[in-house]
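Report on one structure; see the data block that follows.
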Amino acid sequence: MALRTLDSLGSLAGKRVIVRVDFNVPLKDAVITDDGRVRAALPTLNALINQGARLVLCSHLGRPDGAPDAKYSLAPVAQRLSELLGKPVAFALDTVGDSAHEAVAALEDGDVAVVENLRFNAGETAKDAAERCAFAEQLAELGDALVSDGFGVVHRKQASVYELAEILPSAAGLLIATEVDVLDKLTENPERPYTVVLGGSKVSDKLGVIEHLLPRADKILVGGGMLFTFLAAKGFKVGKSLLEADQIDTVTRYMTEAEERGVELILPVDAVMAASFGADAEHVVAPADALEETAFGATGLGLDIGPDTARIFAEAIRTSKTVFWNGPMGVFEMPAFAAGTKVVAKALTEVDGLSVVGGGDSAAAVRQLGFADDEFGHISTGGGASLEFLEGKQLPGLEVLGWQ
Ligand code: ADP
Ligand code: MG
């Protein structure tokens with residue numbers, strides 16, 4: 001079944017519409033350091049404002065302990081939203097209390113209010129369904145309908161994501177609709193050749209994604225910290241690089257399965273080996289089968305894919321019609337080990353087809369390396385949620401909106 005779209009709610013003019021957004025932005029001393037998630041909500045908010053709906057926005061921010069905690073207040077976010085929308089945004093000092101009810105009562109058509117952090121209420125994330133339901137009932141009093149648009153939380157069974165959507169007439173916002181549309185293309189009938197690029201720190205974080213995408217991809221490229229477990233499985237020595245010895249059997253099975261299915265699993269032919277883990281560490285390029293034969297011997301640390309590997313990966317990416325990339329190729333946070341990630345990101349911008357970046361650190365990496373969001377087909381806003389979608393899991397926050 002398909003997601004219920006905004007249209008399914010009928011005319012929302014004059015109606016109080018609760019919009020569950022993901023405004024979980026990074027804050028430093030109450031200043032927003034990246035407003036990407038606020039911007040991502042704008043298309044849905046503008047569509048609703050243009051219809052003359054009365055918007056009641058709710059979100060979580062950080063991990064407060066189910067009680068008010070000033071450092072996780074959404075006040076700075078409401079302020080930023082007002083600047084981005086170019087109109088006043090009311091802010092309620094509580095989530096479902098007097099302040100919230102007053103702010104909602106004062107709304108006129110096209111007006112916007114933000115209520116305080118959902119997670120200041122223990123019911124939002126309660127394990128007990130009855131507790132979540134009770135909080136969802138309180139939230140439901142603030143609106144006539146729910147538009148769910150916080151893609152980053154759809155994998156969580158939480159009051160505002162799940163129970164509230166059962167109580168009120170509910171539909172997916174434009175952000176969730178776009179995310180689902182794009183991620184679905186990566187699992188159902190992708191245009192071929194289809195290349196999946198995997199990196200990041202641990203292979204054990206990505207087993208579900210590898211298992212679900214391996215049978216669907218034409219090529220799988222392995223970089224990041226996980227590449228060393230694959231190289232170790234081939235019998236190569238990897239020095240002190242990130243190695244998950246307990247996953248060697250699993251990755252060996254992946255290599256066999258790839259071969260049986262005719263999927264090209266491409267491993268690095270070289271890596272950047274460093275003397276230690278640090279931005280200024282001495283480093284050299286070494287062939288994949290001789291990583292311990294550098295001046296650092298068996299104490300060397302692999303912190304990036306090498307230049308030959310980057311070239312091979314870039315070529316495979318550029319010549320694909322669908323590319324999904326999750327996980328930086330190296331420790332991109334340090335410029336000396338960011339080259340592989342940069343070459344791969346550049347290649348994704350050159351794909352004549354659909355290129356998708358998923359994963360929190362991967363999205364941060366492309367932005368930090370100076371790429372603009374619109375150079376890619378899509379940058380997924382939901383780290384954990386996108387990966388769980390690509391593992392083929394049923395996500396409660398989507399299921400409740402009609403998705404199957
Ligand atoms: P994402 O959030 O995009 O899913 P991950 O969380 O899996 O990505 O991994 C990101 C982290 O992986 C980055 O902080 C990066 O420094 C680290 N990383 C990449 N390559 C290596 C490596 N060779 N050794 C250690 N850490 C690595
Ligand atoms: Mg991460």
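The values are calculated or read from the model by the stated rules, or taken from the named source; none is laboratory data. The model shown is predicted, which means the values in this text are computed figures rather than measured ones. Note: ideal-geometry Cβ built from the backbone for every residue, glycine included; neighbour counts use all protein chains shown. Areas reflect the complete protein model, heavy atoms only, side chains present, ligands, DNA and RNA absent. Shrake-Rupley method; radii C 1.70, N 1.55, O 1.52, S 1.80 Å.
Would you check if Lys342 is modelled with pLDDT of 95 or more and in contact with a Pro (Cβ under 9 Å, 6 or more places away or on another chain)? Talk me through it step by step, then tell me what you get.
Values: modelled with pLDDT of 95 or more: yes; in contact with a Pro (Cβ under 9 Å, 6 or more places away or on another chain): no.
When the stated conditions are applied, Lys342 does not pass them.
How about the stretch 273-283: which of its residues are in a loop (DSSP other than H, G, I, E, B) and either open to solvent by less than 80 Å² (accessible area, probe 1.4 Å) or charged (D, E, K, R) (or both)? Spell out how you get there, then give the answer.
Here is the first cut: in the stretch 273-283, the ones in a loop (DSSP other than H, G, I, E, B) are 275-282.
Those that are in a loop (DSSP other than H, G, I, E, B) and either open to solvent by less than 80 Å² (accessible area, probe 1.4 Å) or charged (D, E, K, R) (or both): Ala275, Ser276, Gly278, Ala279, Asp280, Ala281, Glu282.
Please go through the stretch 246-260 and pick out each residue that is open to solvent by less than 50 Å² (accessible area, probe 1.4 Å) and closer than 19 Å to Pro215 by Cα.
We begin by selecting, within the stretch 246-260, every residue open to solvent by less than 50 Å² (accessible area, probe 1.4 Å); these are 247-248, 250-251, 254-255, 257-258.
Of everything in the stretch 246-260, those that are open to solvent by less than 50 Å² (accessible area, probe 1.4 Å) and closer than 19 Å to Pro215 by Cα turn out to be Thr250, Val251, Tyr254, Met255, Glu257, Ala258.
Check Thr256, Thr250, Thr322, Thr299 and return the single one that is of a type in the set (Val, Ile, Thr), more than 12 Å from ligand 1 (Cβ to nearest atom) and within 19 Å of Pro193 (Cα to Cα).
Values: Thr256 fails: within 19 Å of Pro193 (Cα to Cα); Thr250 fails: within 19 Å of Pro193 (Cα to Cα); Thr299 fails: within 19 Å of Pro193 (Cα to Cα).
Just one listed residue meets the conditions, Thr322.
Only one residue in Thr341, Thr349, Thr381 is among the hydroxyl-bearing types (Ser, Thr, Tyr), open to solvent by 20 Å² or more (accessible area, probe 1.4 Å) and within 16 Å of ligand 2 (Cβ to nearest atom). Which one? Outline the logic, then answer.
Values: Thr341 fails: open to solvent by 20 Å² or more (accessible area, probe 1.4 Å); Thr349 fails: within 16 Å of ligand 2 (Cβ to nearest atom).
Testing whether each residue is among the hydroxyl-bearing types (Ser, Thr, Tyr), open to solvent by 20 Å² or more (accessible area, probe 1.4 Å) and within 16 Å of ligand 2 (Cβ to nearest atom) leaves just Thr381.
Scan the stretch 158-175 residue by residue and report those that are in a helix (DSSP H, G or I), of a type outside the set (D, E, K, R) and open to solvent by less than 20 Å² (accessible area, probe 1.4 Å).
Restricting attention to the stretch 158-175, the residues satisfying the condition of being in a helix (DSSP H, G or I) are 163-167, 174-175.
Then keep just the ones that are of a type outside the set (D, E, K, R); that gives 164-165, 167, 174-175.
If the condition is that a residue be in a helix (DSSP H, G or I), of a type outside the set (D, E, K, R) and open to solvent by less than 20 Å² (accessible area, probe 1.4 Å), then Leu164, Ala165 are the ones that fit.
Would you confirm, using the coordinates I've provided, whether Val323 is closer than 16 Å to Gly223 by Cα, open to solvent by 20 Å² or more (accessible area, probe 1.4 Å), of a type in the set (A, V, I, L, M) and more than 16 Å from ligand 2 (Cβ to nearest atom)?
Numbers: closer than 16 Å to Gly223 by Cα: yes; open to solvent by 20 Å² or more (accessible area, probe 1.4 Å): no; of a type in the set (A, V, I, L, M): yes; more than 16 Å from ligand 2 (Cβ to nearest atom): yes.
Against the criterion (closer than 16 Å to Gly223 by Cα, open to solvent by 20 Å² or more (accessible area, probe 1.4 Å), of a type in the set (A, V, I, L, M) and more than 16 Å from ligand 2 (Cβ to nearest atom)), Val323 does not qualify.
With (1) closer than 21 Å to Ala145 by Cβ; (2) not in a strand (DSSP E or B) as the list, and Val19 as the residue in question, which single condition is left unmet?
Among (1) closer than 21 Å to Ala145 by Cβ; (2) not in a strand (DSSP E or B), Val19 violates only (2).
So, in the stretch 352-371, of the ones that are over 18 Å from Ile210 (Cβ atoms) and surrounded by 24 or more Cβ atoms within 10 Å (Cβ to Cβ), which residue ends up farthest from ligand 1 (Cβ to nearest atom)?
Among those residues, the one meeting the criterion is Ser355.
Tell me whether the stretch 210-217 contains one or more residues that are within 16 Å of ligand 1 (Cβ to nearest atom), of a type in the set (Val, Ile, Thr) and more than 16 Å from the chain's Cα centre (by Cα).
Yes, that holds for at least one residue.
Output yes when any residue across the stretch 307-316 is within 16 Å of ligand 2 (Cβ to nearest atom), within 24 Å of the chain's Cα centre (by Cα) and more than 19 Å from Ser204 (Cβ to Cβ), and no when none is.
No, the stretch 307-316 contains no residue that is within 16 Å of ligand 2 (Cβ to nearest atom), within 24 Å of the chain's Cα centre (by Cα) and more than 19 Å from Ser204 (Cβ to Cβ).
Would you point out which residue out of Gly392, Gly330 is part of a loop (DSSP other than H, G, I, E, B), closer than 19 Å to Leu207 by Cβ and open to solvent by less than 60 Å² (accessible area, probe 1.4 Å)?
Numbers: Gly330 fails: closer than 19 Å to Leu207 by Cβ.
Going through Gly392, Gly330 in turn, the sole match is Gly392.
Of all residues in the stretch 201-226, count the ones that are under 23 Å from Ala345 (Cβ atoms), within 16 Å of ligand 2 (Cβ to nearest atom) and surrounded by fewer than 19 Cβ atoms within 10 Å (Cβ to Cβ).
Residues flagged as under 23 Å from Ala345 (Cβ atoms), within 16 Å of ligand 2 (Cβ to nearest atom) and surrounded by fewer than 19 Cβ atoms within 10 Å (Cβ to Cβ) within the stretch 201-226 amount to 3.
For Pro68, work out the one condition from (1) surrounded by 15 or more Cβ atoms within 10 Å (Cβ to Cβ); (2) within 29 Å of His378 (Cα to Cα) it doesn't fulfil.
Failed condition: (2).
In the stretch 232-245, which residues are open to solvent by 50 Å² or more (accessible area, probe 1.4 Å) and away from ligand 2 (no atom under 16 Å from the Cβ)? Can you show your working first?
Taking the stretch 232-245 and keeping what is open to solvent by 50 Å² or more (accessible area, probe 1.4 Å), we get 234-237, 240, 242-243, 245.
Answer for the stretch 232-245, where residues must be open to solvent by 50 Å² or more (accessible area, probe 1.4 Å) and away from ligand 2 (no atom under 16 Å from the Cβ): Lys234, Gly235, Phe236, Lys237, Lys240, Leu243, Ala245.
Would you mention how many residues in the stretch 1-46 are under 24 Å from Ala372 (Cα atoms) and either hydrophobic (A, V, I, L, M, F, W, C) or open to solvent by less than 10 Å² (accessible area, probe 1.4 Å) (or both)? Outline the logic, then answer.
Here is the first cut: in the stretch 1-46, the ones under 24 Å from Ala372 (Cα atoms) are 21-28, 31-46.
If we keep only those that are either hydrophobic (A, V, I, L, M, F, W, C) or open to solvent by less than 10 Å² (accessible area, probe 1.4 Å) (or both) as well, we get 21, 23, 25, 27, 31-32, 38, 40-42, 44-45.
Number of matching residues: 12.
If a residue has to be away from ligand 2 (no atom under 16 Å from the Cβ) and in a loop (DSSP other than H, G, I, E, B) to count, how many in the stretch 352-361 make the cut?
2
Being open to solvent by 10 Å² or more (accessible area, probe 1.4 Å), in contact (Cβ under 8 Å) with a residue 24 or more places away in the chain and not in a loop (DSSP other than H, G, I, E, B) narrows it down to one residue among Thr178, Thr229, Thr195; which is it?
Thr178
For the stretch 97-149, how many residues are open to solvent by less than 20 Å² (accessible area, probe 1.4 Å), assigned to a loop (DSSP other than H, G, I, E, B) and closer than 20 Å to Val38 by Cα?
Going through the stretch 97-149 one residue at a time, the tally reaches 5.
Looking at (1) within 16 Å of ligand 2 (Cβ to nearest atom); (2) over 30 Å from Gln138 (Cα atoms); (3) open to solvent by less than 40 Å² (accessible area, probe 1.4 Å), which is the only condition His155 fails?
(2)
The rows are residues; the columns are (1) aromatic (Phe, Trp, Tyr); (2) part of a helix (DSSP H, G or I); (3) closer than 14 Å to Gly223 by Cα.
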position: Ala271; (1), (2), (3): no, no, yes
position: Val285; (1), (2), (3): no, no, no
position: Ala298; (1), (2), (3): no, yes, no
position: Ile317; (1), (2), (3): no, yes, yes
position: Gly340; (1), (2), (3): no, yes, yes
position: Ala365; (1), (2), (3): no, yes, no
